[in-house]
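See structure below.
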Amino acid sequence: MIALKGIISLFLVITVGVYASKKRIISSEMNKNLTDLLMNITMPLLIISSFNMKLNDELRSNIIKCFFYSFITLFIAVILSWLLLKPVKKDNKYLIQFSNVFSNCGFMGFPVIEGLYGKEGLIYASIFNVGFTILVWTYGIGLFTGGINKENIKKVAKNPSIVAVLIGIFIMVFKIEVPVIIMSPIEMVGGMTSALSMIIIGVILANTDFKEQMKDWSLYYGASIKLLGVPLVMCFLLSFLPGPTKVIKIIVLLHAMPTAAMLPIFAENFGRDKGYASMMLFVTTLGSIVTFPIILMIVT
């Protein structure tokens, strides 16, 4: 019940973003700047602060397993979605494929997992995000461009979240005592991530023109795969793997998040159907209010 209240609270913050957009307090251009602030500053600092804890044998083992399990489940999501989307004959089926594979594990996943499992949970979410980032800038971009190029692979190494994970692991492994005067502002700025990410999502949703897309059955079919099909299959398959239940639960919950906010951003950048991509984000985000608590109850 406490977890559910926390999730509902986060969703309510989304309405702040919707309100700010409707009242023209936050414009689309300003929201892009806020997204840059989140991706390049607050989220990396949140990741670094989460690693500010003692490393023991159990945590080390959990991190390694989380790393491998994350890649396994992401590849399973690719294959599972491809199979389940066979009935869809739309030209923009690749948008649904992207949606089903890539969850909103950063903007929404980090604050939810931190609320449920604390700093340790955030560490595992950060490790999952490493695999997510590598795949989104290779396979994900390839869905829009029809191939993978070296420039996108270079972006993986320069991604602020990846760099933050490496810094965090370095601090943890070598037991570096970061002075309070430094760690305190890192935690303070990193703590902005939850509210900021929800506001950004609210602004994106407020600018979605969904009237044209509401009658498209493929949206709801794709959303049902994303929110229920993929996480339920992951829950079943991961139950056969050895490992800490906490790591497995977190990976399943991250797959149960709505579509990555990057979907409409990529669609706009590559001249694809931004309206459909934005609507997929809207439907999965709204639908997750109902489906995520169901998945949460199943895994717990």
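The values are calculated or read from the model by the stated rules, or taken from the named source; none is laboratory data. The shown structure was predicted, so the numbers you read here are calculated from the model rather than taken from an experiment. Note: ideal-geometry Cβ built from the backbone for every residue, glycine included; neighbour counts use all protein chains shown. Side chains are part of the model used for accessible areas, which takes the heavy atoms of the whole protein and leaves out ligands, DNA and RNA. Shrake-Rupley method; radii C 1.70, N 1.55, O 1.52, S 1.80 Å.
To the nearest 0.05, how large is the calculated FRET efficiency for Met214 and Lys86 if R₀ is 30 Å and r is the Cβ-Cβ distance? It comes out at approximately 0.80. For the chain, the per residue solvent-accessible surface stands at 47 Å², with DNA, RNA and ligands left out and a 1.4 Å probe. Partners of Lys22 within straight-line reach, counting aspartates and glutamates whose Cα lies under 18 Å from its Cα and excluding those fewer than 8 residues away in the same chain: Asp209. Dividing the summed helix terms, -39500 (n - 2.57) for each DSSP H run of n ≥ 4, by the number of residues in the chain produces a 222 nm estimate of -23000 deg cm²/dmol to the nearest 500.
Scan the chain and report its longest stretch carrying no GluC sites (Glu not before Pro) that are both in a DSSP loop and have at most 10 other Cβ atoms within 10 Å. If you can, show how the numbers build up before the last one.
Values: sites that count: Glu177, Glu212.
Answer - 1-176.
From the residues Tyr220, Ser50, Val299, which one has its Cα farthest along the dipole of the chain in the positive direction, the dipole being from +1 and -1 charges on Cβ of Lys/Arg and Asp/Glu about the Cα centre? About the Cα centre, the residue reaching furthest to the positive side is Tyr220. Step through the table entries Lys154/Lys246; Lys86/Lys246; Lys54/Lys154; Lys93/Lys274; Lys89/Lys249; Lys158/Lys274, compare each Cα-Cα distance with 22 Å, and write down the pairs that go over it. Long pairs (Cα-Cα over 22 Å): Lys154/Lys246; Lys86/Lys246; Lys54/Lys154; Lys89/Lys249; Lys158/Lys274. Rg and Dmax of the chain, based on Cα coordinates, read 18.3, 57 Å.
With +1 on the Cβ of every Lys and Arg and -1 on the Cβ of every Asp and Glu, and nothing else charged, how large is the dipole of segment 193-300 about its Cα centre, in debye rounded to the nearest 20? Show your work: numbers first, answer last.
Numbers: 7 positive and 5 negative charges, 56 e Å.
Dipole size: approximately 260 debye.
Sort out the exposed loop chymotrypsin sites (Phe, Trp or Tyr not before Pro) in the chain (DSSP loop, at most 10 other Cβ within 10 Å) and tell me the longest stretch that has none. Here the longest segment lacking exposed loop sites spans 1-173. Note on Val178 and Ile289: their simple-model spin labels are 3.5 nm apart, each label 7 Å out from Cα toward Cβ. For the chain, what relative contact order do you get, as a whole percent, if you take Cα pairs closer than 8 Å and at least 6 residues apart? Computed value for the chain: 32 percent relative contact order. Using θ = phi - 60° in the Karplus curve 6.51 cos²θ - 1.76 cosθ + 1.60, the 3J(HN,Hα) couplings for segment 225-232 round to 5, 5, 8, 10, x, 4, x, 5 Hz; x is entered for Gly and Pro.
Between Phe71 and Glu58, the modelled label-to-label distance comes to 2.7 nm, taking each label 7 Å out from Cα in the direction of the beta carbon.
Hey, with R₀ at 45 Å, roughly what FRET efficiency would Ile79 and Ser9 work out to, going by the Cβ-Cβ distance, to 0.05?
Details: r = 35 Å, r/R0 = 0.79.
Efficiency for this residue pair is about 0.80.
Pop out the carbon and sulfur fraction of the accessible area of the chain as a percent, whole number, probe 1.4 Å. Taking all protein chains in place, the chain shows 68 percent carbon and sulfur surface.
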